[in-house]
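In what follows, a single structure is set out as structure tokens and then discussed.
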Amino acid sequence: MDRYRIPPDTTVDLAAFDPGDTAGLEEKEAKERVAALNRRLEGLQELLYAEGKHRVLVVLQATDTGGKDGVIRHVFDGVNPQGVKVASFGRPTEKALAHDYLWRVHPHTPGSGEMVIFNRSHYEDVLVVRVHGLVPEGVWSRRYAQINAWERLLAEEGTTILKFFLHISPEEQAERLAARRDDPAKRWKFSRGDLEERGRWSAYRAAYEEVLSRTSTPWAPWYVVPADRKWFRNLVVATTLVDALESLHMAYPDPGEDLTAVLIPPAG
Ligand code: ADP
């Protein structure tokens, strides 16, 4: 899965990444693997909480209909809901806009033993904000370095950061938008705003390329996830996350005494 990781200081051209890539895998096998990874993730999350030492931050970014919600549903299937928090970042409030752009984000970062998923994130401040010209270029162009420095602070304080860009093709997006239009069970997700944003496809692509080129760091790497096939997208995210958690070599805390001889008293 390492081939989806962007090395630091790489100039990323998304044309070189095939959104339909499945690494030669079949859907059935991928789904079986994801189910096995779900069980491992469940155990790793419990260990993370029990050990209370590490903090884990998963950043999910995608083009509209890219599948952020699907990743949250499928990759974390079976994981104790008490152990994972999702923080979603929509349009900032007046109050948030009166502060720096990281102000609303920082309180949602994981504490010790916690895992947090960012459904959209501070990257919107160099994506939608850049594409729509919501602040001058002189302002957003400084943010890449600011974001790197902030993520470095989080990493140095014990946070493992994994960032996923769910990469879909314009053809796949057209199909998903049509499904939202036509399927009564999906219609609640249909938004005319998404159609307008589709008209800015190449501007978003350029903005994502700059994000990937400038903010994939040793302490907070980006992964470009081929996301046209939902089952492969889930497999890439699940594998990367489980590998990262296993590399922390976590252990249940030692109670510091031999508990085997402790008697359980009768209930009073
Ligand atoms: P999603 O599309 O993630 O399911 P929503 O439909 O609530 O969720 O969309 C959230 C919206 O908030 C998106 O249009 C996104 O571009 C916007 N948004 C997020 N962060 C910012 C920001 N910092 N500035 C302006 N708009 C933002």
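The values are calculated or read from the model by the stated rules, or taken from the named source; none is laboratory data. As the structure is a prediction and not an experimental result, all values here were calculated from the model. Glycine gets a Cβ as well: all are built from the backbone with ideal geometry, and neighbour counts include every protein chain shown.
Going through region 18-48 one residue at a time, which ones are farther than 30 Å from Gly113 by Cβ and under 18 Å from the mean Cα position of the chain (by Cα)? Matches in region 18-48: Pro19 only.
Against the test of being among the acidic types (Asp, Glu), farther than 30 Å from Gly199 by Cβ and over 14 Å from the mean Cα position of the chain (by Cα), the options Glu137, Glu51 yield a single qualifying residue, Glu51. Within region 107-135, residues that are assigned to a loop (DSSP other than H, G, I, E, B) reach partners that are near the ligand (Cβ under 8 Å from one of its atoms) and small (Gly, Ala, Ser) with beta carbons closer than 8 Å, at six or more positions or on different chains, in the pairs Arg120/Ser88; Arg120/Gly90. Against the conditions (1) at pLDDT 95 or above; (2) part of a helix (DSSP H, G or I), Arg3 satisfies every one except (1).
State yes or no: is Trp188 more than 25 Å from Tyr223 (Cβ to Cβ) and within 15 Å of the ligand (Cβ to nearest atom)? The answer is yes for Trp188. I'd like the full set of residues that are within 11 Å of the ligand (Cβ to nearest atom) and either more than 14 Å from Leu60 (Cα to Cα) or at pLDDT below 95 (or both), limited to region 126-137. Correct list: Val126, Val128, Val129, Arg130, Val131, His132, Leu134, Val135. Across region 172-212, the qualifying residues are those that are within 25 Å of Leu57 (Cβ to Cβ) and in contact with an Asp or Glu (Cβ under 8 Å, 6 or more places away or on another chain), and the one among them that is surrounded by the most Cβ atoms within 10 Å (Cβ to Cβ) is Tyr204. Pairs linking a residue in region 239-268 that is under 14 Å from Leu47 (Cα atoms) and in contact (Cβ under 8 Å) with a residue 40 or more places away in the chain to a residue that is outside any loop (DSSP other than H, G, I, E, B) and hydroxyl-bearing (Ser, Thr, Tyr), with Cβ atoms under 8 Å and 6 or more positions apart or on different chains, are Ala244/Thr160; Leu245/Thr160; Leu248/Thr160.
When region 219-244 is examined, which residues are found to be of a type in the set (Gly, Ala, Ser) and assigned to a strand (DSSP E or B)? Explain how you work it out, then say what you get.
Within region 219-244, the subset of a type in the set (Gly, Ala, Ser) is 220, 227, 238, 244.
The one that is of a type in the set (Gly, Ala, Ser) and assigned to a strand (DSSP E or B): Ala220.
Checking the structure you have, find out if any residue of region 160-174 is within 13 Å of the ligand (Cβ to nearest atom), in contact (Cβ under 8 Å) with a residue 40 or more places away in the chain, in a helix (DSSP H, G or I) and of a type in the set (A, V, I, L, M, F, W, C). Show your work before the answer.
Residues of region 160-174 that are within 13 Å of the ligand (Cβ to nearest atom), as a first pass: 166, 173.
Cutting the leftovers down to in contact (Cβ under 8 Å) with a residue 40 or more places away in the chain gives us 166, 173.
With the extra rule that they be in a helix (DSSP H, G or I), the set shrinks to 173.
Okay, now just the ones that are also of a type in the set (A, V, I, L, M, F, W, C), so none.
No, because not a single residue in region 160-174 is within 13 Å of the ligand (Cβ to nearest atom), in contact (Cβ under 8 Å) with a residue 40 or more places away in the chain, in a helix (DSSP H, G or I) and of a type in the set (A, V, I, L, M, F, W, C).
Checking each residue in region 84-115 for being away from the ligand (no atom under 16 Å from the Cβ) and buried (at least 17 other Cβ atoms within 10 Å of the Cβ) picks out Val84, Thr109, Pro110, Gly113, Glu114, Met115. Within region 142-170, the residues that satisfy the criterion of being polar (S, T, N, Q), in contact with a strand residue (DSSP E or B) (Cβ under 7 Å, 6 or more places away or on another chain) and more than 18 Å from Asp9 (Cα to Cα) are Thr159, Thr160.
A single entry from Asp77, Asp69 fulfils the requirement of being within 16 Å of the ligand (Cβ to nearest atom), among the acidic types (Asp, Glu) and either more than 21 Å from Glu246 (Cβ to Cβ) or modelled with pLDDT under 95 (or both): Asp69.
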